[in-house]
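Please read the structure below before turning to the comments.
The values are calculated or read from the model by the stated rules, or taken from the named source; none is laboratory data. This is a predicted model, so every value here is computed, not measured. Note that each Cβ is placed from the backbone with ideal geometry, even for glycine, and that neighbours are counted across all protein chains shown. The accessibility values were calculated without ligands, DNA or RNA, using every heavy atom of the protein model including side chains. Shrake-Rupley method; radii C 1.70, N 1.55, O 1.52, S 1.80 Å.
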Amino acid sequence: MSGNDVPGGAVAEVKTYEVRTYGCQMNVHDSERLSGLLEDAGYVRAPEGTGEGEADVVVFNTCAVRENADNRLYGNLGRLAPMKARRPGMQIAVGGCLAQKDRDTIVKKAPWVDVVFGTHNIGKLPVLLERARVQEEAQVEIAESLEAFPSTLPTRRESAYAAWVSISVGCNNTCTFCIVPALRGKEKDRRPGEILAEVEALVAEGVSEITLLGQNVNAYGSDMGDREAFSKLLRACGAIEGLERVRFTSPHPRDFTDDVIAAMAETPNVMPQLHMPMQSGSDTVLKAMRRSYRQDRFLGIIEKVRAAMPDAAITTDIIVGFPGETEEDFEQTMHAVREARFSQAFTFQYSKRPGTPAATMEDQIPKEVVQARYERLVALQEEISWSENKKQVGRTLDLMVAEGEGRKDDATHRLSGRAPDNRLVHFTKPAEPVRPGDVVTVEITYAAPHHLLAEGEVLGVRRTRAGDAWDKRNAKDAAQAAAPAGVLLGLPKVGVPEPLPAAAGGCGCD
């Protein structure tokens, strides 16, 4: 008998959930909220090692920016269909950008799905699941505009020491390769006081690093009529005691103003790191993309950032093979990469996003041409990344110890951490125990294209409140795992939870 069948809400079976996330940082943060909503409604996260289809509720938080996004979703749903048939109480929900776009199509193609919800109403998930169970039919609910700013929702953050903080949702740009504005809506900014109250609350819980998140993060203030709102927000974060590191993603070159550069350089806890998507180095392609800057403007911003912060690590996104891209256009991208000397570039082969203007443009580039250009660009960037990383050898850096960043850490008896500029560093495990969120001081001894090594002894260890928060979370999770299986007092709560205060609480396609 399932927990929802127990009369009177006495002793009920534990309901487990799993959230599968695809896409950008905004989706990752939304999934933290979906997890928080489900736990607030009485569900428990499925333990590590739970097999596919064994959780009572499986939620897909989808992305729509790739041509094959729907194929990937329906393939995953197809594998779950026979498992759901064997477990009638199991429920499947689909949310996110693809759900916002496809709506009723999902249930038509996969009639075993119980709930479809959009990007604007993630807070409805628990009540939609309950309604689907009671009515024994699929519930499709897609809001056309934001019902409540998501940061008012319960959140189960993946990290005890670092946190995303949304400062806006939506985007006012009209890039021809991007469908996000159509699915996330126009930009809507949070009030500065609400953002700072959330940051202060997170710091009080032990968080020592925050990343300000928005589809176009440095356009913040556009619907408040304050063009300097973002730089003011960065400076205000600098005044929060206990907040050690501030980052942000993703900015748009169009809105990257001198006051932001000054705020970054003059605010000690704003890290010397910038991720700014270039997308192409060709002015012709940038115009076709409706990117409101040109190569000179982009490289000029980088020059100003480096003048203000010589040690800043700058990363970017680049699309190869946009419709109409000529060999000359591609060479302009290669030139811009040589000039910018990015520490890392996230390179993508253009793929059609259904519903975008670029998908129907003429002169789509043959796959073999795109592949060849992509390989040339990757080879160039690897060479630059390695060269830039070699400049770090001999430097002494403070690393924030990270969790799960080094896949080979156990085998190599190392730990991993992030430098202030966000470079990944693997370091020798010290004799003194350290926890994620603690800070260690190391000397860099070796550079690879995508990481650094500190092979000598750790020069110093600073135990932090963030490490204490990690300990506390681990103890809580261990206690939950040790609790008697299959027992939960009362039924999962039905309906949308009471909103948290604003203090309690992005698709970097820009």
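Overview of values
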item: q = 0.16 Å⁻¹: log10 I(q)/I(0) that the Debye formula gives for the range 275-390, counting C-alpha atoms only; result: -0.72
item: For the range 88-211: rounded, prolate or oblate by the Cα gyration tensor [a/c cutoff 1.5]; result: oblate
item: Computed log₁₀ I(q)/I(0) - Debye formula, equal Cα scatterers, no solvent, the range 15-166, q 0.10, 0.15 Å⁻¹; result: -0.31, -0.73
item: Additional length obtainable on full extension of the chain from Ala143 to Lys429, 0.36 nm per residue less Cα span; result: 98.0 nm
item: Estimated [θ] at 222 nm from DSSP helical runs (n ≥ 4, -39500 (n - 2.57)) normalised by residues in the chain, nearest 500; result: -10500 deg cm²/dmol
item: Normalised convex hull volume, the range 53-112, alpha-carbon set, Å³ per residue; result: 72
item: Anchor Lys232: lysines whose Cα lies under 20 Å away (excluding residues fewer than 8 positions away in-chain); result: Lys188, Lys304
item: Using distinct alpha-carbon pairs, which all enter the 1/r mean, Kirkwood radius of the range 218-331 in Å; result: 15.3
item: Which listed pairs, of Lys101/Lys367; Lys108/Lys186; Lys101/Lys124; Lys15/Lys472, have C-alpha distances above 21 Å, in listed order; result: Lys101/Lys367; Lys108/Lys186; Lys15/Lys472
item: Estimated distance in nm for a label pair at Glu200 and Glu457, the labels positioned 7 Å out from Cα along Cα-to-Cβ; result: 4.4
item: Antiparallel content of DSSP bridges confined to the chain, in %, to 5; result: 35
item: Extended-chain gain in nm, criterion 0.36 nm per residue less alpha-carbon gap, Met83 and Thr284; result: 67.3 nm
item: Net +/- balance of residues flanking Ala312 in space, Cβ distance below 13 Å, scoring K and R +1, D and E -1; result: +2
item: Radius of gyration and Dmax over the Cα atoms of the range 334-405, both given in Å; result: 17.5, 52
item: Simple label model, 7 Å out from Cα along Cβ direction - Thr257 to Lys408, nm; result: 4.7
item: Approximate spin-label separation Ala475-Asp363, in nm, with each point projected 7 Å along Cα-to-Cβ; result: 6.4
item: Listed peptides 331-341, 197-207 by packing density, highest first (mean Cβ within 10 Å); result: 197-207, 331-341
item: Accessible surface of the chain, 1.4 Å probe, proportion on carbon and sulfur as whole %; result: 51
item: Theoretical FRET efficiency, 1/(1+(r/R0)^6), r = Cβ-Cβ of His335 and Gln135, R0 41 Å, to 0.05; result: 0.10
item: Given charges at beta-carbon only (K, R positive; D, E negative), |dipole| of the range 255-354 in Debye; result: 300
item: Mean projection area, nm², convex hull over Cα of the chain; result: 23.9
item: Tail fraction, Cα-Cα pairs, the range 327-481, threshold 28 Å, whole percent; result: 42
item: Shape metrics for the range 162-246, restricted to C-alpha atoms - Rg then Dmax, Å; result: 13.7, 42
